[in-house]
Amino acid sequence: QGPQKAQFDNPVDLIVVPTSNDDQINGVIELGFLRPLTEQDVEFLELVSDNVGTSIEAARYRQRLQEVLAETQQLNEELQVQQEELRTANEELEEQSRILKESQAHLETQQAELEQTNEQLAEQSKALAEQRDALDRKNEELNMAQAELQARADELQRSSKYKSEFLANMSHELRTPLNSSLILAKLLAENPKENLTAEQVKFAESIYSAGNDLLNLINDILDISKVEAGKLEVRPENSSV
């Protein structure tokens, strides 16, 4: 398109000239004049419009070039960082490889020790099995002996029970006539009618004293029998200390 001319109150004239580069419009030049335009003005603007278009394209190219350079610089920096990370990763991998080799050697040593330990455990297990068999035999013998001892204990308990019952019965049978004898001896020792001599009273007192001792002994035997038979009755009483 050619230059376009328009009239305004202020400025006096206005001209718009397109700029291009390689026949491609890339901008416009818009100028306002405070005086009327001349043909020389139009020719001059048409003459410089191509140079302006070329300058605009060159500026855009420089801008794109700077952007590309900035991107290239950033990529280079990122590449350096990645290279450093790669170097660090390689070093870590080498260290891990070394540690892995050491661990493998350690595991092989442990495996050998474990096999030796398993052999020892197998021998110990065999010995324990033999000891367990011997212990089972001992336990069987002990159970038989315990059963025999229990049978003897039961027999002794029955014998003790029979003995206690016998002593209790005998003590009861003895206490009845003994109480009668004590009553008679006490009556004679008191001599209420005073028809006995002093010596006879003394004999009666001796009989009464000995009878009491015998009664206490029989009572003790009866208590022991009750303890053995599990029939002793406990009666709590207050006593002074």
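The values are calculated or read from the model by the stated rules, or taken from the named source; none is laboratory data. Keep in mind the model is a prediction, meaning the values are calculated, not measured. Counting neighbours? That spans all protein chains shown, and the Cβs are built from the backbone with ideal geometry, glycine included.
Numbers below:
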read-out: Of all residues in the stretch 34-76 being over 22 Å from GLN24 (Cβ atoms), assigned to a helix (DSSP H, G or I) and of a type in the set (D, E, K, R), the one that is farthest from the chain's Cα centre (by Cα); value: GLU39
read-out: Qualifying residue in the stretch 200-219 (condition: among the aromatic types (Phe, Trp, Tyr), surrounded by 10 or more Cβ atoms within 10 Å (Cβ to Cβ) and either at pLDDT 80 or above or outside any helix (DSSP H, G or I) (or both)); value: yes
read-out: Of all residues making up the stretch 168-195, the number that are among the aliphatic types (A, V, I, L, M) and either touching a Ser or Thr at 6+ places or on another chain (Cβ under 8 Å) or buried (at least 16 other Cβ atoms within 10 Å of the Cβ) (or both); value: 7
